[in-house]
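Below you'll find the structure, written out as structure tokens, and then a few comments.
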Amino acid sequence: MIQSGDLMYLNQKAKEIYKYAEPNLLLVGLFGVLGFPAYYILWQYVFPQAYENLPLRIFCSVLFIPFIIKDYMPSRFKKYQHLYFLIAVSICLPYFFCFMMLKNDWSVVWMMSFLASIFLSILLVYDWLVILIASVFSFVCAFVSVFLLDGYAAHFHFEWPYIVVFVFAYMGGIVFNYRNQVEHEGRILFARTFSAAIAHEMRNPLGSVYSSIEVVNELLPKKGRHNANSEHVISEANLIKIGEIIKDSLAVIDGGNETINLLLSSINNQEISNKTFKRYSIRHVIELTLKSYGYKKPADKKLVRFDYEKDSDFLGSDVLLRYVIFNLLKNALYYKSKKGFSLSISLLVEENCNIIRVRDTGVGIAKKDQEHIFDEFYTSGKKGSSGLGLPFCKKVITAFGGEIACRSKLAEWTEFSIILPKYNSEKTARLKSDLLATKKMLYVGTKSDIYSTLQGHAFYRGYHFTSAKGDAFVDMDESELAVDVIVVDLECIAKNAESFELIENKLQMLKARIVYLYSRIMPNEVRFNRMIPFELLDKQANRYYLINKLDQLFFEPVEEYKTDVLSAVNNKQKIMIVDDNVSLRTYSGLLLEKQGYEVVHAENGCVALDYLENDRFDMILMDLEMPYMGGIETAKQIRSDERFKEQNQVPIICFTGNMSEEVIKDITDSGMNDYLLKPTSKEHLLSKVASWT
């Protein structure tokens, strides 16, 4: 007897199969509607066969019509369209071709046609069990139909090897198509997992900021019913609290933006990409995670304790490790209402590994569930859970060369252990060695001692090394510049200011890590393009230091060369902020006014040009996209229009939310000097402004 559970399973399978085939149904429908009558003409008149059946072909052709007009079918039909699909495919492929093969006494033409129908069935219906059930049922029906029509089923030309060929065709087709289907489902699963990760990263800063706004609202004085014109005074203590809350909220938003950007850049197809792995401090990552986590209430933060005796480093992604900690925190805090709840994170540095333990005293996990918590879509005890967080965490930790495990006692506690190899361990060295094989370095300069040192280091460490002179570098195409590190010898390049400017224009379009080598030419003698983040390396340093620094270039976080730009602020300078977003314009203006700048506001490029024609400015901060006249067009007019010839060299910094190569090129070509990525932090804004004033 078929149980109701079996019917539900088959119905669900039918829906999945229909969803998989649906994008191609229009083509399938057209092929069926036109193909059946067309082949009747072919087999009846062009290459005559022993038997043909026009009514049956027309019937099969009609069955394919709903595939073409599926979007216009009544809602009642759509409810059962997945079942109709399986029935129609079973009749028109295995049944029809088996019936015609039997009626034509197993002729070669119809055996080949039957084999073709097998492959078509497998392409449309990928599930082996459904294919088996539909095929067997169709074969039986075909034999019964022939027997009822003729009183017997002809088999004069039948040979048993045919059955072997048919079975091979079925099994081979199912196996190879199953692999494609697994990959297809894997892509969908990964997309769901990753979208859940992004959604989680958005919820955290939003939740934190929401809580902060609630607190600020409580600290602000309430407006009374009968004193509408009275003044409202905020105590100094409350002002300090509000300032701290706003500062923390801005940090959370910055962290959320950074996390989402880096999560996106850390993914390659369906895998965790290890190309961006760097050396990070575990303690620093955990502390940053606890600071930026979106606690629903301020009291929740006090429930979490972080213990460590000493710090240690790991090779991986700080953003992805933060996501793992985020996920474990979220899962634990779900049960914070339990009496006596506590949550602790500890870092243990052992001889061969680092261990991060996340332990809570929540409701615990049943032993039968512990075996499956890292399986996709598996959930236990939580409402609204997708069952994707922990599987993604496991993928992350595995990509780091580590392991994640769970222990729990029901109704008492749960403990997750993350085991990461130490940065100087053999396991990390093997991972770095594998990664180095994919790394590329480009040296820009002439052949010299430092060139030989770099070339030897590349040969010894296994990464790809190329070189180019300054003029050749400028002419290199995009594929040649797809490298991880670019080393520029200032002694060879910076002597020619015009040539160096061309090289910098090329460098600012690239995502590679930029390193300038210097010795006799010192950094303060060179006017650098401030749109390019770079590092400095003294090539006169001892060989051990130089080799060690070269190793770090691929795996250490960037340390940009900076000057004390804030000390150069002139309090009497005038800045114009051009932005159609009133909130951002006001926020930026307040920050600059507090630093002593005089600020003028303009809501678009047209208004900005009017101000510029009648007043003098030391800098312009301008948004890229605005109504009436955007930033690109405004900058071009400032640089070229005779009305502004006395101010056509005023520094222009662009606000942009897009860092694509096309946008950066447009910014540069328009004559703008620099750009700021929105949203930007207070420190970054003030530092950028000070560096140009």
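Coordinate-derived values only; no laboratory data. Treat the numbers as computed from the prediction; the structure is a model and nothing was measured. Here the Cβ is made from the backbone with ideal geometry for all residues, glycine too, and neighbour counts use every protein chain on show.
Suppose every K and R has +1 on its Cβ and every D and E has -1 on its Cβ; what is the size of the dipole of region 11-158 about the Cα centre, in Debye to the nearest 20? Can you show the working numbers first?
Numbers: 9 positive and 7 negative charges, 103 e Å.
Here region 11-158 has a charge dipole of around 500 debye.
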Whole-Hz couplings from phi, Karplus 6.51/-1.76/1.60, listed for region 275-280; x for Gly and Pro: 5, 9, 5, 9, 8, 9
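Ratio to report: Rg/Rh of region 439-555, with Cα atoms as the point set and Rh obtained by the Kirkwood method; give two decimals.
0.92
Given a cut-off of 30 Å, name the pairs among LYS310/LYS395; LYS368/LYS395; LYS594/LYS665; LYS440/LYS539; LYS395/LYS665 whose C-alpha atoms lie farther apart than that in the structure shown. Please report the intermediate quantities before stating the final value.
Details: LYS310/LYS395 27 Å; LYS368/LYS395 22 Å; LYS594/LYS665 33 Å; LYS440/LYS539 20 Å; LYS395/LYS665 37 Å.
Pairs exceeding 30 Å: LYS594/LYS665; LYS395/LYS665.
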Pairwise FRET efficiency - ASP471 versus PHE528, Cβ, R0 = 22 Å, nearest 0.05: 0.65
Overall dimensions of region 565-692 as given by Cα atoms, namely Rg and Dmax in Å: 13.4, 38
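Just to confirm the filter: which chymotrypsin sites (Phe, Trp or Tyr not before Pro) across region 609-693 are DSSP coil and have at most 14 other Cβ within 10 angstrom of their Cβ?
Values: sites: TYR611, PHE617, TYR628, PHE644, PHE655, TYR675, TRP692; in loops: PHE617, TYR628.
Those satisfying the criteria are TYR628.
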Distance in nm between pseudo-label sites at LEU584 and LYS338 (7 Å out along the Cβ direction from Cα): 4.5
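Ratio of alpha-carbon Rg to the 2.2 N^0.38 Å globular estimate for region 268-423, to two decimals, please.
Details: Rg = 15.1 Å, N = 156, 2.2 N^0.38 = 15.0 Å.
Normalised Cα radius of gyration, region 268-423: 1.01.
Find out how many positive minus negative residues lie around HIS284, taking Lys and Arg as positive, Asp and Glu as negative, among other residues whose Cβ is under 10 Å from that of HIS284.
On the way: positive: ARG283; negative: GLU287, ASP311, ASP313, ASP318.
Every neighbour counted, the sum reads -3.
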Alpha carbon convex hull of region 11-158, volume per residue in cubic angstrom: 112
Inter-centroid distance (Cα atoms) of region 44-99 relative to region 595-619, Å: 71
Span from the region 463-518 Cα centroid across to the region 654-693 one, whole angstrom: 22
MET626 long-range amide H proximity, modeled H, under 5 Å: GLY631
Cα-based convex hull volume of region 627-693 per residue, rounded to whole Å³: 95
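If I take every Cα pair under 8 Å that is 6 or more residues apart in region 565-692, average their sequence separation and divide by the length, what percent do I get for the relative contact order?
On the way: 205 pairs, mean separation 31.9, N = 128.
Relative contact order comes out at 25 percent.
How much FRET efficiency would the formula 1/(1 + (r/R0)^6) give for SER681 and LYS447, where r is the Cβ-Cβ distance and R0 is 41 Å, rounded to 0.05? Please report the intermediate quantities before stating the final value.
Values: r = 43 Å, r/R0 = 1.04.
E(calc), rounded to 0.05, equals 0.45.
Could you give the length gained on full extension between TYR628 and LYS301, defined as 0.36 nm per residue of separation minus the Cα-Cα distance, in nm? Don't skip to the answer; put the middle values down first.
Values: separation 327, 0.36 × 327 = 117.72 nm, distance 4.70 nm.
Contour length minus Cα-Cα distance gives 113.0 nm.
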